[in-house]
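What follows is a set of notes on a single structure, which appears directly below.
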Amino acid sequence: MFTSVLMIEQPLTTVDVDFVTTLHGDDPVSFFVLMQPRGDRDRLLRAIDDVALGELPEALHEADVPEGEAARGPAAQALEHSLAALRAKGAKAVGQIVEDHPLDKLKAVVDETGADEVIVLTAPHLVEEFFHRDWASRARHKVEVPVLKLFAHNE
């Protein structure tokens, strides 16, 4: 069985689930999903990304989206939705909310599960990607397995 650690920051869409569950053909796959709640310290970067992507309304409403402790409830719901969707496609799936230090947690999960790969499923983050400070770029220096970066879909 192929084991993937899947880092997400929003609920998986139907398209995302279809894509990650078919990456390895008909081989059975198990997922350990790490859900990162929104943090308040990256609000400015998200607003800059929104402007760069031409999404001005989203930039104006960044302060309206729950962050920090207030984001834990929505993150838990997103995680449960994502796990259920993966299981409905026949994959084994477990997961947890990332409390602190997401890359340290990622490394620990990769080591504990013997994962074959890491999949980072994220929205575009232009500023972080330009400076190679996005999750996928940083994860490549932290884990000793391949790291695949995919852009999440919106429904």
task = Sequence neighbours fewer than 8 away in the same chain don't count; with that in mind, list the lysines whose C-alpha is under 20 Å from Lys149.
result = Lys105, Lys107
key: Two-site label geometry, His153 and Asp27: point separation in nm, points 7 Å out along Cα→Cβ   = 2.3
Gain on full stretching of the segment that runs from Ile97 to Asp111 - 0.36 nm per residue minus C-alpha separation = 3.3 nm
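Read-outs: derived from the displayed coordinates by stated rules, not from any lab. Remember, predicted model here, so these are calculated numbers, not experimental data. Because the Cβ atoms are built from the backbone with ideal geometry, glycine has one as well, and the counts that use them run over all protein chains shown.
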